[in-house]
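Worksheet: the structure to be examined is printed underneath.
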Amino acid sequence: MPLSMNRDVFITCAVTGSGDTVAKSKHVPITPKQIAEAAVEAAKAGAAIVHCHVRDPETGAPSRRNDLYKEVTDRIRQVEVDIVLNLTAGMGGDMIFGDVEKPLPLKEQGTDMAGATERVSHVAECLPEICTLDCGTMNFSLGDYVMTNTPSMLRAMAKQMTDLGVRPEIEAFDTGHLWFAKQLVEEGLIEDPVLIQLCMGIPWGAPDDLNTYMAMVNNVPSNWTFSAFSIGRNAMAYPAAAVLAGGNVRVGLEDNLYIGKGQLATNAQLVEKAVNVVESMGARIIGPAEVREKLKLKKR
């Protein structure tokens with residue numbers, strides 16, 4: 001794919017994620033009410049799409065509870081601000097191995113393995129316009145944690161999402177994930193228009209240097225729509241990199257807690273900064289209606 005700047009850009013805000021960030025910033029939303037409010041604030045700041053995980057309201061730990069997803073969804077849909085809702089379907093594939101000499105049995109604390117239907121059950125109940133599909137297995141962060149998404153699991157989840165009329169957003173953490181995404185499309189399990197999120201800088205997937213980033217971009221078919229982000233210190237450099245390479249933008253407290261050195265951010269502030277970057281480059285921010293038309297989404 002040639003380097004070609006995107007002139008009509010949508011922003012996704014990933015408002016909370018499932019990482020251990022609650023203790024690091026008071027701005028990370030925890031309860032369904034807080035998550036919904038953060039999503040609305042991000043939309044008002046310029047995000048067309050909000051990407052939502054849920055957390056245990058008491059502990060802040062990541063959760064897969066359908067009632068929490070339902071409350072977040074209902075709260076967002078009750079406001080008069082137009083938002084494209086994107087729910088994660090990445091939970092339920094976490095394996096924590098034992099020590100290096102005795103990897104089995106798996107450690108009970110942290111391991112969370114569920115079947116395809118269970119992993120997509122909240123999507124079936126809430127019917128967001130988009131949901132994510134983490135398109136591969138990888139060593140994730142430190143220790144003995146493996147994010148597990150087998151080919152059979154991904155095929156089953158992709159089919160269920162497509163049958164529900166929900167657009168999968170394929171999250172690719174390395175080039176092999178893009179390879180398998182093409183296979184899902186070839187098999188008819190994911191329909192056009194194809195939506196990809198390039199996830200850069202997550203240990204131990206694709207690093208976020210520009211050579212690797214462009215290798216990822218060059219593996220995205222020209223008729224697909226992609227966004228890109230990085231985490232941590234390079235997160236706010238990636239809006240420019242994404243747009244310059246022909247993509248769209250993702251920011252939010254799932255990926256990065258800071259607006260500047262030592263300055264904790266809100267989701268809305270991260271979106272506002274991304275808007276400024278995009279518009280300063282001469283591109284235009286598009287809203288939910290144009291995103292729905294572009295991605296052929298079913299408004300709920």
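The values are calculated or read from the model by the stated rules, or taken from the named source; none is laboratory data. Treat the numbers as computed from the prediction; the structure is a model and nothing was measured. Methodologically, a virtual Cβ is constructed for each residue, glycine included, from the backbone with ideal geometry; neighbour enumeration extends over all protein chains shown. Accessible surface is based on the protein model in full, side chains and every heavy atom, while ligands, DNA and RNA are left aside. Shrake-Rupley method; radii C 1.70, N 1.55, O 1.52, S 1.80 Å.
Contact annotation: residue pairs with Cβ atoms under 9 Å, 6 or more positions apart or on different chains, pairing a residue in segment 163-177 that is touching a residue at least 24 places away in the same chain (Cβ under 8 Å) and under 16 Å from residue 207 (Cβ atoms) with a partner that is polar (S, T, N, Q) and crowded, with 24+ Cβ neighbours inside 10 Å, are 172/197.
Yes or no, residue by residue, for (1) in contact with a helix residue (DSSP H, G or I) (Cβ under 8 Å, 6 or more places away or on another chain); (2) over 25 Å from residue 148 (Cβ atoms):
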| position | (1), (2) |
| --- | --- |
| 39 | yes, yes |
| 42 | yes, yes |
| 51 | no, no |
| 66 | yes, no |
| 69 | yes, no |
| 74 | no, yes |
| 82 | yes, yes |
| 95 | no, no |
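All conditions but one from (1) open to solvent by 20 Å² or more (accessible area, probe 1.4 Å); (2) at pLDDT 95 or above apply to residue 234; the one that does not is (2).
Within segment 200-220, is there a residue that is aliphatic (A, V, I, L, M) and assigned to a strand (DSSP E or B)? Scanning segment 200-220 turns up at least one residue that is aliphatic (A, V, I, L, M) and assigned to a strand (DSSP E or B).
Those residues that are surrounded by fewer than 24 Cβ atoms within 10 Å (Cβ to Cβ), within 14 Å of residue 256 (Cβ to Cβ) and β-branched (Val, Ile, Thr), I need them from segment 9-28; list them, please. 21, the sole residue that qualifies.
Restricted to segment 32-74, and to residues there that are among the β-branched types (Val, Ile, Thr) and part of a helix (DSSP H, G or I), the residue that is surrounded by the most Cβ atoms within 10 Å (Cβ to Cβ) is 72. Of the residues 188, 246, 165, only one is modelled with pLDDT of 95 or more, touching a Ser or Thr at 6+ places or on another chain (Cβ under 7 Å), open to solvent by 10 Å² or more (accessible area, probe 1.4 Å) and at positive phi; which? From the options 188, 246, 165, the qualifying one is 246. Could you check, for segment 116-129, whether at least one of its residues is open to solvent by 60 Å² or more (accessible area, probe 1.4 Å), aliphatic (A, V, I, L, M) and either over 27 Å from residue 289 (Cα atoms) or touching a His at 6+ places or on another chain (Cβ under 6 Å) (or both)? No, because not a single residue in segment 116-129 is open to solvent by 60 Å² or more (accessible area, probe 1.4 Å), aliphatic (A, V, I, L, M) and either over 27 Å from residue 289 (Cα atoms) or touching a His at 6+ places or on another chain (Cβ under 6 Å) (or both).
The residue pairs whose first member lies in segment 66-77 and is within 18 Å of residue 114 (Cα to Cα), whose second member is outside any helix (DSSP H, G or I), and whose beta carbons are closer than 6 Å, counting only pairs six or more residues apart or on different chains, are 68/54; 69/54.
Among the residues of segment 282-300, those identified as touching a Lys or Arg at 6+ places or on another chain (Cβ under 9 Å) and buried (at least 16 other Cβ atoms within 10 Å of the Cβ) are 283, 286, 288, 292, 295, 297. Among the residues here, residue 105 qualifies as within 27 Å of residue 146 (Cβ to Cβ) and open to solvent by 20 Å² or more (accessible area, probe 1.4 Å).
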